[in-house]
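Student: To start, I am sharing the structure in question, which I have written as structure tokens.
The values are calculated or read from the model by the stated rules, or taken from the named source; none is laboratory data. Since the structure is predicted, the reported quantities are computational estimates derived from the model, not experimental observations. Backbone-built Cβ (ideal geometry, glycine too); neighbour counts: all protein chains shown.
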There are 2 protein chains.
Amino acid sequence: MRTKTPTTPLSRAELVSLSNDIRLACMRISRRVRFESDRELPPHLYSVLVRLEETPRTNSELADIERVSAPSMKRTTSALVELGYVSRADDPTDGRQVILSLTPEGQKVLRRVRRHRDEWMLSRFEHLTDEERELLQRAAAVLAKVASK
Amino acid sequence: MRTKTPTTPLSRAELVSLSNDIRLACMRISRRVRFESDRELPPHLYSVLVRLEETPRTNSELADIERVSAPSMKRTTSALVELGYVSRADDPTDGRQVILSLTPEGQKVLRRVRRHRDEWMLSRFEHLTDEERELLQRAAAVLAKVASK
DNA sequence: TATTGTTATACTCTATAACTATA
DNA sequence: TATAGTTATAGAGTATAACAATA
């Protein structure tokens, strides 16, 4: 068990300053990570592939999740089908619906994009000390909590 | 002076896992922060206002900084002038150039957008313990280092 | 009649190419 | 002639409205 270090609660001013610092750092990291893989696959295509990796879905479901209109999502999914990353199949129980699934090619491109993104992060970690890395590891759980719904 | 806690250097596998965790948390936080203020001012307009807050610049300079074409930047800056957030002035020493500056209205909208963004972060911090906040404060400097250059 | 998918049309932001004015 | 700004035009992604097929 780690020895509890006594901490002084942060003042309101310190919290405002902290929120600004964390926000800026996250936005800058996010921008640079995206920049690393935008050439491979545009952001909105990537986002939809991630949703289809979880489970096959219909066009309407994807439109709801990504908060775009059905026609816009139709454009996106058509492009993904065209690229061979997504396949279409009629729903056997409801003739109106079309089920969209990730193809093996789609899985491959997801792995490739993630590898590029993580490689950039890893390269940034090289400039850190062991203590800084350990600090980030403990902070990761807190950041996940901040990011969570 | 804080007592140095002995740390074990993270393994390669732990670093890969960490890079994924930090990347995901930053991207999710970034997405939600942007969502908080997109209705106030589209991202590309906000970004240009921030550049003009630093110092007045020409259209070409802004296009270079933001990595968009000169005609695209022209559209953006024209919209900002139309909104009253940016003013145009002829360069007295070079008749070809037009200097763009932030107006008082532009400064006000920047303050408003930042307040919205930070308010979201602050609301998220309410769910944290004092220890978690203190941890984030120390991690902020490391995250800034990761995001830098 | 309600719902899913699709097509038609338009608006925004992006780009490249061409034109104007000044150095 | 070179450079800054601008205008013309086109492409990609978004939207709303209308239409087709199925429940």
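Student: Might you let me know whether the stretch B:118-135 holds any residue that is farther than 24 Å from A:PRO9 by Cβ, under 21 Å from the mean Cα position of the chain (by Cα) and either among the basic types (Lys, Arg) or assigned to a helix (DSSP H, G or I) (or both)?
Tutor: The first filter runs over the stretch B:118-135 and keeps only residues farther than 24 Å from A:PRO9 by Cβ, leaving none.
No; the residues of the stretch B:118-135 include none that is farther than 24 Å from A:PRO9 by Cβ, under 21 Å from the mean Cα position of the chain (by Cα) and either among the basic types (Lys, Arg) or assigned to a helix (DSSP H, G or I) (or both).
Student: Name every residue in the stretch B:70-87 that is within 11 Å of DNA strand D (Cβ to nearest atom) and touching a strand residue (DSSP E or B) at 6+ places or on another chain (Cβ under 7 Å), in order of residue number.
Tutor: Correct list: B:THR77, B:VAL81.
Yes or no, residue by residue, for (1) surrounded by fewer than 16 Cβ atoms within 10 Å (Cβ to Cβ); (2) within 10 Å of DNA strand C (Cβ to nearest atom); (3) without any contact (Cβ under 8 Å) to a residue 40 or more places away in the chain; (4) within 14 Å of another protein chain (Cβ to nearest Cβ):
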site	(1), (2), (3), (4)
A:ARG32	no, no, no, yes
A:ASP38	yes, no, yes, yes
A:PRO43	yes, no, yes, yes
A:ARG57	no, yes, no, no
A:ALA63	no, yes, yes, no
A:ALA79	yes, no, yes, no
A:LEU83	yes, no, yes, no
A:SER87	no, no, yes, no
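Student: Is it the case that A:THR93 is surrounded by 15 or more Cβ atoms within 10 Å (Cβ to Cβ) and not aliphatic (A, V, I, L, M)?
Tutor: Details: surrounded by 15 or more Cβ atoms within 10 Å (Cβ to Cβ): no; not aliphatic (A, V, I, L, M): yes.
Answer is no for this residue.
Student: Of everything in the stretch B:17-27, what is free of Cβ contacts under 8 Å to residues at least 24 places away in the same chain, over 15 Å from the mean Cα position of the chain (by Cα) and facing chain A (nearest Cβ under 8 Å)? Give them in sequence order.
Tutor: B:LEU18, B:SER19, B:ASN20, B:ASP21, B:ARG23, B:LEU24, B:ALA25
Student: Considering each residue of the stretch A:45-55, count those that are away from chain B (no Cβ under 14 Å) and within 11 Å of DNA strand D (Cβ to nearest atom), and give that number.
Tutor: Qualifying residue count, the stretch A:45-55: 2.
Student: Given (1) out of contact with any Leu (no Cβ under 6 Å at 6 or more places or on another chain); (2) at pLDDT 90 or above; (3) crowded, with 20+ Cβ neighbours inside 10 Å, where does B:GLU14 come up short, assuming only one miss?
Tutor: Here B:GLU14 clears every test but (3).
Student: Give B:ARG115, B:ARG133 a once-over and let me know the one that is modelled with pLDDT of 95 or more, away from DNA strand D (no atom under 12 Å from the Cβ) and within 14 Å of chain A (Cβ to nearest Cβ).
Tutor: On the way: B:ARG115 fails: modelled with pLDDT of 95 or more.
B:ARG133 is the lone residue from the list that is modelled with pLDDT of 95 or more, away from DNA strand D (no atom under 12 Å from the Cβ) and within 14 Å of chain A (Cβ to nearest Cβ).
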